[in-house]
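For reference, the structure is listed below as structure tokens.
A short reminder: the numbers here are calculations on the coordinates, not readings from a lab. Just so it is clear, the model here is predicted, and its values are computed rather than measured. So basically every Cβ, Gly included, is an ideal-geometry build from the backbone, and we count neighbours across all protein chains shown.
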């Protein structure tokens with residue numbers, strides 16, 4: 001597919017009679033960049049280039065053949081795009097400068113509408129791709145990683161967007177950066193099928209970024225998982241959040257998120273599957289929560305959220321909360337701890353299930369009491385409390401628990 | 001000593017109780033393996049059995065056994081044999097037969113269902129718990145010359161370690177929850193062999209329980225060599241001190 005696209009682009013470039021030049025040395029590259037007019041294409045042959053900071057201020061296309069290396073020598077930003085309709089394909093950008101004054105990036109773009117960044121490899125850059133004030137950027141199939149030991153403060157984000165819209169971010173791999181994908185004031189964008197792993201802070205982090213879609217991404221083993229804030233109208237579908245393990249790590253942290261949809265995601269083996277506070281009107285359908293410490297930490301500041309047809313399996317705690325008022329609707333989920341019966345065989349348990357246990361309330365209040373987990377005393381307390389709720393929120397109850405797990409995904413997924 | 005050990009073992013086996021104990025554990029382990037294909041979950045369920053049934057059986061059986069063989073012990077005392085030898089052969093005889101029953105009871109089904117590697121840690125913890133509660137059984141027996149009273153003391157030990165102690169910890173952490181409690185709870189839990197065994201066990205199989213700062217703290221402590229040596233040493237202390245006290249009383253009391 002990408003070859004077809006590349007070919008078409010080349011074809012178009014030729015058809016419109018824009019100049020096309022091929023370079024093999026740093027000098028030639030700099031000369032051609034200077035000479036180029038709007039719409040030109042420069043093909044960079046494989047090799048090691050040290051061009052300094054390349055500033056692209058007219059619509060043009062840079063194509064690497066055989067993955068040419070552009071080296072920032074740990075001093076500078078490599079490519080700065082200040083024009084619309086720029087395309088960057090097939091380059092390997094390594095070693096940008098690191099600065100606490102400037103956000104040096106391997107590719108930085110400002111007001112670069114319809115920027116296309118494809119098939120690049122970005123190694124050990126401070127920021128990977130840094131885009132601001134841009135409409136319709138496409139970031140597709142790039143590999144961005146940082147393999148040197150770095151501290152959170154001395155490294156930037158993999159893909160960083162600020163005040164942009166209609167971006168398309170697909171099939172990228174990001175690892176070793178601060179945040180894998182960072183959005184601030186980014187709207188109407190799609191993030192699809194990315195693999196975000198082992199970043200120092202968050203796999204995905206966004207604020208004030210409305211109406212975006214996150215589909216089929218994998219967020220695995222990031223320092224603190226995924227944290228999203230102050231946003232409404234997002235869709236998160238078929239993502240996998242797994243192995244986000246640590247004392248302040250979350251599969252997904254939702255803070256002030258509203259009117260959104262979280263469906264068919266998998267939360268596997270996280271310390272906290274979903275932690276949510278101040279969030280409203282979110283639909284959580286058909287998600288899998290499996291092997292998490294806390295599957296769902298629903299703070300009392302959340303309201304009108306709907307949890308339906310989710311599977312809760314092998315979590316230490318299914319649901320915890322910090323208050324007794326219940327403003328959310330949890331109905332028709334599968335809980336592997338449910339012990340009720342189904343007399344009329346309609347697949348729905350006849351008695352309700354209370355997913356919050358007394359012990360989980362105690363642990364919320366006194367973390368040190370986690371040491372008594374699985375002790376007989378705790379078992380007795382939980383049992384007594386389940387039947388005669390006094391401390392746990394009485395109304396936090398799934399009145400239609402499913403008897404069998406929903407068949408949501410096959411194991412191979 | 002070997003001769004006496006032989007008599008004690010013969011006696012224990014003739015009582016058939018250990019056989020039933022073994023059969024019970026085999027049945028429970030087999031059932032758990034049949035109900036659940038995931039060995040990790042089997043181990044967690046087994047943990048509950050080990051933390052409740054094993055101590056109860058060990059401590060009660062030991063106490064009863066001591067009083068049942070009381071006359072035999074008196075007879076031995078008439079011979080030129082050191083009291084220490086008599087006592088230790090009793091201890092080793094009872095403890096080893098119970099330990100063997102436990103090992104075979106959990107081990108054989110585990111091998112049969114192919115989960116042997118997963119149950120290794122639980123076997124280790126179970127052994128320590130067996131030895132500890134046999135020691136406590138002898139301690140209970142040495143505290144009273146009345147059989148019923150001694151069994152009462154034994155049951156009290158069991159309830160205390162299995163239930164009351166955890167309630168006390170819960171109360172303490174709840175009451176003092178404004179203070180940093182990591183080190184106090186660490187100390188408190190090591191003062192109960194069942195708690196210590198449970199925590200060591202959980203850290204080795206299911207860390208998902210231990211979260212947050214406390215979890216990280218304990219994982220760091222028990223996860224490294226110092227922690228392992230510490231927990232092993234504490235478990236050994238729990239085997240040895242009741243035994244030592246019981247031996248002391250046995251040596252110096254009138255029989």
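Of note:
- Inter-chain Cβ neighbour count for A:356-367, averaged per residue, equals 3 (cutoff 10 Å, partner chain atoms only).
- Legend: P(r) of region A:151-214 from all alpha carbon pair distances, 10 Å bins from 0, whole percents, reading 25, 54, 21, 0.
- Dividing the helix sum by the residues of chain A, where each DSSP H run of 4 or more adds -39500 (n - 2.57), gives a mean residue ellipticity at 222 nm of -3000 deg cm²/dmol.
- Look at where the Cα atoms of region A:150-219 and of region A:44-111 average out, and the two centres are 20 Å apart.
- Projected label points at residue A:67 and residue A:380, each 7 Å from Cα along the beta carbon direction, are separated by 6.4 nanometres.
- Sorting A:307, A:127 from the fewest to the most surrounding beta carbons within 10 angstrom yields A:307, A:127.
- Cα-based convex hull volume of region A:90-231 per residue, rounded to whole Å³: 86
- Cα gyration tensor category, rounded, prolate or oblate, for region A:192-327 with a/c compared to 1.5: rounded
- Between the C-alpha center of region B:155-206 and that of region A:334-413 there is a gap of 24 Å.
- Normalised contact order of region B:2-252, rounded percent, pairs of Cα under 8 Å and 6 or more residues apart: 26
- When only Cα pairs below 8 angstrom with a gap of at least 6 residues are kept, chain A shows a relative contact order of 6 percent.
- In the protein assembly as shown, the alpha-carbon atoms span a convex hull of 191 Å³ per residue.
- All Cα-Cα distances of region B:56-148, cut into 10 Å bins from zero to the largest, leave 16, 40, 26, 13, 5, 0 percent in each bin in turn.
- Footprinting exposure proxy for B:218, A:409, A:206 (fewest neighbouring C-beta atoms within 10 Å first): A:409, B:218, A:206
- Label reach from residue B:14 (point 7 Å along Cα→C-beta): in region B:59-74, amide nitrogens under 14 Å belong to B:68-73.
- Distance distribution P(r), region A:299-413, all Cα-Cα pairs, bin width 5 angstrom from 0: 2, 11, 20, 22, 20, 14, 8, 3, 0 percent.
- Each residue in A:377, A:60 was given a count of other beta-carbon atoms within 10 angstrom of its own, and listing them fewest first yields A:377, A:60.
- Most fluctuating residue given options A:85, A:306, A:346, as computed from a GNM of chain A linking Cα atoms under 10 Å: A:346
- For chain B, the 222 nm mean residue ellipticity estimated from helices alone, with every DSSP H stretch of n ≥ 4 adding -39500 (n - 2.57) and the total spread over all residues, rounds to -28500 deg cm²/dmol.
- Hydrodynamic estimate: the Kirkwood radius of region B:1-126 over Cα pairs, inserted into Stokes-Einstein at 25 °C and 0.890 mPa s, corresponds to D of 156 µm²/s.
- In terms of overall dimensions, the C-alpha atoms belonging to region B:2-252 reach 61, 44, 32 Å along their principal axes, ordered largest to smallest.
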